[in-house]
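Student: Mind looking over this structure? Questions follow.
Only the coordinates and a few stated rules stand behind these numbers; no lab work does. Everything quoted here is computed from the prediction, not taken from an experiment. Quick reminder, even Gly has a Cβ in these numbers, built from the backbone with ideal geometry, and neighbours come from all protein chains shown.
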Amino acid sequence: MRPTSRLILILAFALGASPALAGEVMVQVGHNKLDPAELTVAAGTTVVFHNLDEMPGGHSIVADDGSFQSPPLGKDQSWSHTFSEPGTFAYAIKEHPAAKGAIVVEE
Ligand SMILES: [Cu+2]
C-alpha cells in the first residue's frame, strides 16, 4: 500500500471512530473482544456499546459491581449507558468473561 493510501485509511478510521454526537463515545463489542478495552471519559459521557458479532443469545455488557447491564445485543445492535459519577467501572462481556473492560470516568 502506498503511503498516501495508508494515510487516507487512517484518516477515514479516525473520522469513523470519532463520536457521532458530543458527549458520546463508542466501544466495539465482539467475540471475546472489547475495543478499546479501557476508556477514559469525562463525567456525563454516554458510552455506546456496539456489538459487531453474531452470537447465539447475543452479547451482554455487565458491570462487575452490578451498576449497569445491557440486554443481550444481536449483531449490529447498540446499547448505551451514561456515566455520571467519577470512578473506575470494571465490566465484562457476560458471554465471554475473559473479555474485561473498564470505563474510567473523570470529573
Ligand atoms: Cu461471542
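Student: Can you tell me how much longer the chain between Asp64 and Glu106 gets when fully stretched, taken as 0.36 nm per residue apart minus their C-alpha distance, in nm with one decimal?
Tutor: 13.2 nm is the gain from fully extending Asp64 to Glu106.
Student: Give me the net charge of Gly74's neighbourhood, meaning all other residues with Cβ under 13 Å from the Cβ of Gly74; Lys, Arg count +1, Asp, Glu -1.
Tutor: Local net charge: -3.
Student: For the range 75-91, what does the Karplus curve 6.51 cos²θ - 1.76 cosθ + 1.60, with θ = phi - 60°, yield as ³J(HN,Hα) per residue in whole Hz, taken in order and with x for Gly and Pro?
Tutor: Result, ordered by residue: 4, 6, 8, 10, 9, 10, 9, 9, 9, 8, 9, x, x, 10, 10, 7, 8 Hz.
Student: What aspartates and glutamates sit close enough to Lys33 to cross-link, taking a C-alpha to C-alpha distance under 17 Å and skipping anything fewer than 8 places away on the same chain?
Tutor: Filter leaves Asp53, Glu54, Asp64, Asp76, Glu95.
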